[in-house]
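Heads up, the thing below is written out as structure tokens.
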Amino acid sequence: MNSPSDAEVIGRSLDDPEAFGLIYDRHAATLLRFLGRRVGAEVAEGLVGELFRIAFERRKTFDASRAIALPWLYGIGSNLLLKHRRGEARRLRASARMAVVGEPPDKRAGAGALDARLLFPRVADAIEALPDGEREALLLFAWEDLSYQSVAEALELPIGTVRSRLNRARAHLRELLELGGENRVRSR
Amino acid sequence: MKPVDLARKLRRDAAFEPAALDRGKAVLMAAIRQEVEPPRGPTIVPQIPYLDVSAALSFLERAFGFREIPTARLVTADGGIDHAMLAFGGGVIGIGPQGHHGTISPKSGGIESQYISVYVDDVDAHYQRAVAEGARIANGLGDYVWGDRPYEAHRTYEALDPEGHRWRFHQLLREVPQSERRRRPREH
């Protein structure tokens, strides 16, 4: 017997609420890792229960034409993360320090090239300074390996808007690196 | 290096304990069960028949201080009251036309088959109000001690509503100490 799709399970949970537990069993580990990357394990643990509680309350609004609930859950998680921006910024800077350690010094570096020690903190700052929508799209794409389509579902945006946000995010990052970090990205 | 790859370099996983997943599930299932359980009301609700339900509703509010639960009212096609619920303290009653569910009002039946006890904070004030609003007093105010363990002292009176239903209003005065329990007083 095929196991029921997420949409079927959520549909069933309208009459049998405890069936929603299966959605947790399927996706909680993925979401916990997602939240952990962004705000650290400790905060993530509190958020994951909150995330699924919100998902449960909003289960009537789940678009049943989507077989998999994961992008929808990512979207709820993304909204929750907005409240934890400060914790996220700290974690990004810590990640930048870690990345420096892992990166060998660039021997071929020319005059204009940036050493990892300079580069990664700057990338972290740049990500942190991106407008919320761009940062979210970028990290769902780059860190969570979501497709454009899934990012669009998570953020409830047309796929064209996701493309343009990712393009703007790339442009912002590139601009920052080419200017050698002199200019900060301006939030919109 | 491409901006997205640079961003990807900053991805760092936070290790989580497996128990974190179980704790998150416990949070979710507790929230679900809370929704599943209906709000708790009284487990026994007397349903009281009247010839004139509107008049009874008005009297019970004015004389006894009951309050209709507005959302619970059912109306007939011609705008009459088919059923109404009234709350008082932690108790609820229903009222409706006689003849429904085999019931009959004492006004047409000529006999009361029951009386209803109601606990109030200040029985003297309640008595004054009921008399002022035209309640017929079947038994005036008096103090009584009775009960199995624990013995209790009550101050009570009995009133008849416009159709002859009998209501007994009690104010609990105190529990009777052991030393006063030698003689069991007559029951009322």
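Readers should treat all values here as calculations from the given coordinates under stated rules, not as data from a laboratory. Note that the coordinates shown come from a computational prediction; the quantities given were computed from them, not determined experimentally. With ideal geometry, Cβ positions are generated from the backbone for all residues, glycine too; neighbour counts draw on all protein chains shown.
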Label model pair A:Ser5, B:Gln47: point-to-point distance (7 angstrom along the Cα→beta-carbon line) in nm is 4.5
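Please work out the FRET efficiency for the pair A:Ala94 and B:Arg8, using the Cβ-Cβ distance as r and a Förster radius of 22 Å; give the result to the nearest 0.05.
For R0 = 22 Å, the calculated efficiency reads 0.85.
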For A:Lys83, the lysines lying under 25 Å Cα to Cα, once residues fewer than eight places off in the same chain are dropped, come out as A:Lys60, B:Lys9, B:Lys25
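Give the peptides B:138-145, B:162-169 in descending order of average Cβ contacts within 10 Å, highest first.
Top to bottom by mean Cβ count within 10 Å: B:162-169, B:138-145.
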Once B:Ile69 and B:Glu17 are pulled to full extension, the length gained, defined as 0.36 nm per residue separation minus their Cα-Cα distance, is 13.8 nm
Counting other chain Cβ atoms within 10 Å of each Cβ in A:131-140 and taking the mean gives 1
Asserting the computed 222 nm helical MRE of chain B (DSSP H runs at least 4 long, -39500 (n - 2.57) per run, divided by residue count, to nearest 500) equals -8000 deg cm²/dmol
Everything considered on the Cα gyration tensor (a ≥ b ≥ c; rounded for a/c under 1.5, else prolate if a/b is larger than b/c, else oblate), the protein assembly as shown must be described as prolate
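Taking 25 °C and 0.890 mPa s as the conditions, I'd like the Stokes-Einstein D for segment A:1-142 in µm²/s, using the Kirkwood hydrodynamic radius from alpha carbon pairs.
In µm²/s, the coefficient is 143.
Apply the a/c threshold of 1.5 to the C-alpha gyration tensor of segment B:21-180 and tell me whether it is rounded, prolate or oblate. List each step's numbers first, then the result.
Details: a/c = 2.38, a/b = 1.18, b/c = 2.02.
Here segment B:21-180 falls in the oblate category.
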If every Lys and Arg gets +1 and every Asp and Glu gets -1 at its Cβ, then about the Cα centre the protein assembly as shown yields a dipole, in debye to the nearest 20, of 1800
Between A:Gln149 and B:Tyr119, the two model label points (7 Å from Cα along the beta-carbon direction) sit apart by a distance in nm of 6.3
In Å³ per residue, the alpha-carbon convex hull of segment A:86-178 encloses 104
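Based on the alpha-carbon gyration tensor of segment A:6-82 and its eigenvalue square roots a ≥ b ≥ c, which shape applies: rounded if a/c is under 1.5, prolate if not and a/b is larger than b/c, or oblate? Please report the intermediate quantities before stating the final value.
On the way: a/c = 2.11, a/b = 1.87, b/c = 1.12.
Because a/c hits 1.5 or more and a/b exceeds b/c, segment A:6-82 counts as prolate.
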Net charge (Lys, Arg +1; Asp, Glu -1) of residues whose beta-carbon lies under 13 Å from that of B:Gly80, B:Gly80 excluded, is -2
GluC sites (Glu not before Pro) in segment B:53-119 lying in a DSSP loop, each with at most 15 other Cβ atoms within 10 Å of its Cβ, come to B:Glu112
In nm, the gap between the two label points placed 7 Å beyond Cα toward Cβ at B:Ile111 and A:Asp115 is 10.5
Checking rank on A:44-55, A:143-154, with mean other Cβ inside 10 Å and highest first, the result is A:44-55, A:143-154
